[in-house]
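K.L.:
The structure follows.
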Amino acid sequence: MVDSQLQVENQKQPNATTNILHPPKSLETDEACCFKPCHSVALQRCANISLFVFNFVTVMVVVSSYSTYQIGVLTTIEQRFQFSSSYIGIILAFNDIGSVLFVLILVYVGAKTRKPAFMSYGIQVSAFGMFLTAVPQFLYGGKIKHLVKSGEFTGLCALQYNASADTPECEDVGGFANYESKITFTLMCVGGFLIGSGLSPFYSLGVVYIDDNVHHKEAASFYVGLSQAIPMFGMMIGFFIAALTVLLPADLTDSISPSDPDFIGAWWLGVVVIAGIYFLSAIPLTFFPKQLPGAISKTNVIELKEIEQISEAHDVEEAEKLFEKLMKKPKGI
């Protein structure tokens with residue numbers, strides 16, 4: 001009898017839990033693609049956590065392949081532009097400088113916006129930085145200028161012929177071998193800075209997006225583990241591409257052999273290929289919604305817990321009232 005009366009009382013109450021699990025239409029914009037042309041039912045099926053993780057891991061593989069490829073062609077770049085080891089170290093450091101300077105700001109801003117789209121824009125900036133590091137090849141080609149030793153210069157430098165002098169002189173370009181090296185160093189530093197800046201919010205926002213849109217926390221751990229393990233294959237891919245490209249001449253039309261002392265490998269070719277794949281892999285991220293369909297946001301989770309607590313307290317209160325009524329009734333009834 002008590003159970004039946006409780007059921008009647010509960011049926012009179014609105015189902016607030018259902019409202020949280022099935023939010024009103026005002027939240028539909030968060031679950032829709034950011035481009036109206038892709039709001040069709042067929043494309044909305046692609047808005048699921050598995051495809052997002054696949055895209056996320058693909059980008060991570062490309063990033064790891066670029067990092068190892070860059071290491072694989074460092075000696076070729078050093079030979080082509082006569083960089084010292086200290087300059088190479090500075091170029092590599094600019095990747096981390098860009099990441100450190102912007103990671104907190106970009107992660108904070110990205111958390112307030114559509115995370116996948118924000119991640120995609122950062123990747124596109126990084127891809128532009130990769131292309132920028134390959135620009136010197138298209139400006140100056142792949143041939144090395146003939147170098148001489150200077151009495152006042154401890155290393156090698158480019159020839160600068162002077163009609164009034166019997167011997168060639170070295171160009172004074174502030175410690176660089178020539179102006180080509182100086183401009184190349186600047187372009188590579190700027191490119192590295194853009195790469196680090198664009199990548200800085202990617203992993204943090206990606207992990208948060210996965211955690212917010214999985215139905216079970218065990219699945220979140222599994223997906224994050226995949227994003228850590230699979231990119232290891234990208235490192236092997238990067239070294240493999242580097243090993244292939246350095247066997248090709250920097251100017252692909254040349255027929256020079258790798259055994260020739262003046263041979264320079266096509267260090268730029270892998271950069272262009274990886275940057276192109278990197279840019280293309282960022283495009284699908286742009287179409288993911290702010291919140292995947294069926295996911296419960298953190299705000300809704302808190303509200304759901306509060307409603308459950310209120311519902312439990314209300315049930316206890318109603319049960320006590322019914323118990324008091326039963327106790328007051330005569331035993332014969």
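The values are calculated or read from the model by the stated rules, or taken from the named source; none is laboratory data. Computed from a predicted structure; not experimentally measured. Note that we place each Cβ from the backbone using ideal geometry, even for glycine, and neighbour counts take in every protein chain shown. In case anyone asks, the SASA skips ligands and DNA or RNA and just uses the protein heavy atoms, side chains included. Shrake-Rupley method; radii C 1.70, N 1.55, O 1.52, S 1.80 Å.
K.L.:
Kindly evaluate Ile241 against the criterion of being in a helix (DSSP H, G or I) and either in contact with a Leu (Cβ under 6 Å, 6 or more places away or on another chain) or more than 26 Å from Lys115 (Cα to Cα) (or both).
P.N.:
Yes.
K.L.:
Considering Phe279, Phe263, which residue is open to solvent by 10 Å² or more (accessible area, probe 1.4 Å), aromatic (Phe, Trp, Tyr) and outside any helix (DSSP H, G or I)?
P.N.:
Of the residues listed, the single one that is open to solvent by 10 Å² or more (accessible area, probe 1.4 Å), aromatic (Phe, Trp, Tyr) and outside any helix (DSSP H, G or I) is Phe263.
K.L.:
For the stretch 81-139, which positions are over 25 Å from Ser204 (Cα atoms), of a type outside the set (Phe, Trp, Tyr) and either over 21 Å from the mean Cα position of the chain (by Cα) or open to solvent by 50 Å² or more (accessible area, probe 1.4 Å) (or both)?
P.N.:
Once the filter is applied, which keeps residues that are over 25 Å from Ser204 (Cα atoms), of a type outside the set (Phe, Trp, Tyr) and either over 21 Å from the mean Cα position of the chain (by Cα) or open to solvent by 50 Å² or more (accessible area, probe 1.4 Å) (or both), the stretch 81-139 yields Gln82, Ser84, Ser85, Ser86, Ile88, Gly89, Ile90, Val135, Pro136, Gln137, Leu139.
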